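Readers should treat all values here as calculations from the given coordinates under stated rules, not as data from a laboratory. Because the structure is predicted, anything quoted here is derived from the model rather than measured. Here the Cβ positions follow ideal geometry from the backbone for every residue, glycine too, while neighbour counts run over all protein chains shown.
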Amino acid sequence: MSRAEQGCRTWRNELWENVMKRLQLSLGIKILGLVSMLTAMAFLCLFVANSYWMRQITIHQIDRLGLRVSDLLSMLIDGPMRRGDNQGTHEQFRIAGELYGDILTHMTDFRGNITYSTESGVLREDLLDLYDHEKIEGMLEQSLKLGMDAGVLLELEGRPYYLRVRSIANNSECHHCHGTSQPILGALFEFQDMHPDFEKLRTMQMYGGGLALGCLVILLTTMLFYLRHRLLNRIGELSKISREIRQGNYTADFTIRGDDELSQLGRNLSSMVHRLQTAEKYAAIGEFSTYIAHEIRNPLFAIGGFANTLLRTPNLDSTSMQKIQIILKESTRLDNILRTFINFSRQLDAAKVSVEINSLIRQVLELIDFGKDAPEVRTRLFLADDLDLVLGDPELIKQCLLNLIKNALSTMPQGGYLDIRTHNGVDNVVVEVTDTGEGLPREVLEHPFNPFTSLELAMTRKIIIDLGGELHLESNADTGTSSLLRLPKYKKAKGARDA
């Protein structure tokens, strides 16, 4: 074998392996194949069942026709046979043959010899000499010995026939001609050619099969088109985006058009990716804050220590004392910022106790010197009297409330109203902090919980989420800022202890 032939064979093998691998791994091919197979099997079963039922109905109708012909022939020959009119009986068989050309009728005696027939050339012949068939032999024997009135479908010389057999009993009116020795005088055999009927039935089945096949093709095409465009393409899009995410492209968007489960899945995945981005950002902040803590807090502590030492210097003039106090104040503020960064990057060790939120709100308001920090701000409380307890850490909740109130005060330098409302939700307690200020700055409003633009709000949201709650923020220059805080209700069954 030449190198070119070997290369061609290798290429064919690799192509076949890739095709088979794709067939095994592709969800779309599996779904489409399964749907197509089940639909085709359902249509095939319906076609086979319908064909069988049509065949049985045709045989049943022919059996009823044979029974009526047998009754009619019996009525025709009854008179001549009672009178012993042999010629009249032959004439009635001839008339029956002309009326029903597709039905061949023979009457045999008790020995199986044909005595009357719609076909004159077979008279006096043995029935089994004309029809060498196992079923006919059995029916002849049974009809002459035990009696019979039944029909059966059989094949003679390659053509389908329906045979109906009726025994002729030796009634009292027949005794004057045949005596009483034989209880059964003979049998009536009717052979109806089923070939034209079965040909029509086969034609109808072919038309029905063609119609069913056409409907199957239309149905499968519609189903496959719908599955591909409404399901598989969207799943493929999710798979493609997930590969991009796996390769590090966290900006990929999982948004899928629609409002069904796949669309919801896309939104959930987008939320998960956003949280992953946030987690990575928080991890970076943690590393950064740790670095800052090691590199800055030690010299900052030294600066604060030296400033305190300078304050105790004798005969220190007022100007120097004021500058040293500014150094102490700013170093303390910087230390608080560093501590907030460190806490933001750490996992909170939150207590799970029952908390009376109205009491916490009043405690937080007592910590704020409104006369100094917000002299023109008026506080209005709308606290529900029947407010349920919440589940959480009282100190952390107090810190969150303090941050939200300070944030509201910062937007009202010219004064305004600070409204605090509480009420019970379905499974949570709602706290709403509203101000009539100027609204948040644009850089904060675009990303209100970004630690790089608003560390306190980001820290507040992180605490609330860790406590199992929610925080929503709305702000504009006309109506001010509204912070909506939802905290889970306290339930003793959860194993939490009372504060």
Mean Cβ neighbour count within 10 Å, used as a protection proxy, ranking 376-386, 354-364 highest first: 354-364, 376-386
Report the net charge of residues surrounding residue 418, where surrounding means a beta-carbon distance below 15 angstrom and charges are Lys +1, Arg +1, Asp -1, Glu -1. -3
Could you work out the local net charge near residue 363, counting Lys and Arg as +1, Asp and Glu as -1, over the other residues with Cβ closer than 13 Å to its Cβ? -1
Long-range amide H partners of residue 490 with built H, under 5 Å: 389, 390, 391
Among all the lysines, which ones have a C-alpha under 28 Å from residue 30's C-alpha, if same-chain residues fewer than 8 places away are not counted? 21, 240
Which pairs in the list 352/489; 281/352; 352/462 are over 18 Å apart, alpha-carbon to alpha-carbon? 281/352
Going by how many other Cβ atoms sit within 10 Å of their own, how do 45, 400 line up, fewest first? 45, 400
Around residue 408: net Lys/Arg minus Asp/Glu count, Cβ-Cβ under 14 Å: -4
Order by neighbour count: 303, 420, fewest other Cβ atoms within 10 Å first, most last. 303, 420
